[in-house]
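What follows is a single structure, written as structure tokens, with notes after it.
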Amino acid sequence: MKKIALLVVAALIAAIPLTAGVAVEKEAYAAGETLTLKVANWEDYIDESVLEEFETQMSEKYGKTVTVQYNTFGTNENLYNDLKIANGYLYDVICPSDYMIEKMAKEGMLKELSLASGGNYDLYASDYIKGIFENKIKWNDKTLADYAVCYMWGTMGYVYNPKNVSHEDMKDWASLWDAKYKGRSTIKDSVRDSYFVGIAYAKKEELLKLKADYDAKTITADAYNAELTKIFNDTSEETVKEVQKALTALKKNIFGFEVDSGKNDIASGTIDINFAWSGDAVYAMDEAEAVGVELYYSVPETGSNIWFDGWCIPKNAQQTELANDFINFMCDPEIAVRNMEYVGYTSGIAGDKTFSIDYYDEDSGELVETVEYSGVYDWMVQTYELSETAGEGLTEVDLSYFFGDGKVVYTDTVGRQFSAQYPDTATTTRCVVMNYFDDETNERINTMWENVKGVSFPAWAIILIVVGVVVIVGVVLLIRFKDKIFKNKLGGKKGVKVVRKEDM
């Protein structure tokens, strides 16, 4: 009990600096001192030079020094736990993923956004992205659009080495289970992402039939996507059992589980297939290309996940107005492009606004060129050297869903960086948003995942462990009782008098 009491006291003492710091900051803001915006984002997920530009712009707007205190987190759960533990002011702006935004909003952890009409998000965000936020995730009278705007989005698929892997095989999720690829692939050490793969395998026949109906035009694109959404969000007890069986079998065929190392492993040649987020696929292809290796990216044909990360404002944020300014700033097309160039993911911003970007030599730091763009679409066309007219050897890519009617481009390379960053309409039609898991579902899914990840030992390993334990126990006993053992061997028994030479 004393130990518990001491721990409680220590925890209370540790909390004092946090609460005191909040009080001091409130007083400082009231006194008109420096405004500090606290931002929490994923690691390596922003061009930090844009933060300096934001500070300059806001200092001019507010007539006082504005600084950004930039923090990073490793997982959505880490961010959630940090906010829960703080139980108060910790950050002004955060960037969680789709399901975590919904979870936080439902638990009352987020403020509703108050972005000005006619602001950057209103003017420049893709209608496709707005539609997902406004229509795909709803509860009661609220939608995701009430609490967040899209920062980056993408798909899930395979990044692979075509020298060792068939292009055709990468159109099918089931290829991960193929014995010919044993030990040559990785999947995510993430229950949500890997559950999706397990569903794709467990429901393969159902997904193939649905695809055949869509290809035969017996169902519309919207109906197809709606049915896919039901299948990939099935968390019934029976389906969870099927997924556990599928993933348990898969575990024996893969190189391992990973969260962030897969993009480096595929680029270095350690593996040939990596189940990856599209932005990581772009990174891996860039890294491999630098050493003369050509990788590709594929979104399997029976359906995949479309995900997004969004800017939100925590309920207890102290700098709400400045936080809204930050979100508006991040939705400027120029800022969106600079961030895309840095992280390799795809911004939700699609609108036209003329801007220019300076490009510098990485080694010397000297200015190489200044390129002017008439908008995000123009940046994409110039960056990937696309054609806006059909030509021999060129493949048509329909991007009207994202950039608007008539936005069709032509490329001589399919399946590389451009395809990963901007999937075509056919691909997005078969990509669905995964729903938030409630507590009951979460428990069932996590139990399944623990069973899949559980360590199993072969018989020879168990025997070795038992023998090892016996040997260790024997050595310990020998050391503990060695004096008695050797004394008995020398005749030092009770009742026997030992006569020394000098006593004779």
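If you go through the stretch 108-156 and keep only what is within 22 Å of the chain's Cα centre (by Cα), in a loop (DSSP other than H, G, I, E, B) and modelled with pLDDT under 95, you end up with just 137. Elements of the type helices (runs of 4 or more DSSP H) sitting completely within the stretch 314-420 and holding at least 3 residues that are surrounded by 16 or more Cβ atoms within 10 Å (Cβ to Cβ) and either in contact with a Cys (Cβ under 9 Å, 6 or more places away or on another chain) or among the aromatic types (Phe, Trp, Tyr) (or both): these cover 320-330, 400-403. Screening 274, 328 for residues that are touching a helix residue (DSSP H, G or I) at 6+ places or on another chain (Cβ under 7 Å) and not assigned by TED's automatic domain parsing to the domain that holds residue 36 leaves exactly one candidate, 274.
Within the stretch 54-81, the set of residues being touching a residue at least 40 places away in the same chain (Cβ under 8 Å), closer than 18 Å to residue 311 by Cβ and in a helix (DSSP H, G or I) comprises 54, 57, 58. Between 270, 235, 248, 218, the distinction of being assigned to a helix (DSSP H, G or I) and either more than 30 Å from residue 161 (Cα to Cα) or modelled with pLDDT of 95 or more (or both) belongs to 248 only.
Okay, residues lined up against (1) outside the structural domain of residue 98 (by TED's automatic domain parsing); (2) under 26 Å from residue 330 (Cβ atoms); (3) without any contact (Cβ under 8 Å) to a residue 24 or more places away in the chain; (4) out of contact with any His (no Cβ under 8 Å at 6 or more places or on another chain):
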residue	(1), (2), (3), (4)
378	yes, yes, no, yes
382	yes, yes, yes, yes
411	yes, no, no, yes
416	yes, no, no, yes
420	yes, yes, no, yes
425	yes, no, no, yes
429	yes, no, no, yes
443	yes, no, yes, yes
446	yes, no, no, yes
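Of 195, 181, all but one fail to be over 24 Å from the mean Cα position of the chain (by Cα) and aromatic (Phe, Trp, Tyr); the exception is 181. None of 256, 303 is in contact with a strand residue (DSSP E or B) (Cβ under 7 Å, 6 or more places away or on another chain), touching a residue at least 24 places away in the same chain (Cβ under 8 Å) and surrounded by fewer than 21 Cβ atoms within 10 Å (Cβ to Cβ) except 256.
The values are calculated or read from the model by the stated rules, or taken from the named source; none is laboratory data. Quick caveat, the model's predicted, so the values are computed rather than measured. Please note: Cβ atoms are built from the backbone with ideal geometry, for glycine as well, and neighbour counts cover all protein chains shown.
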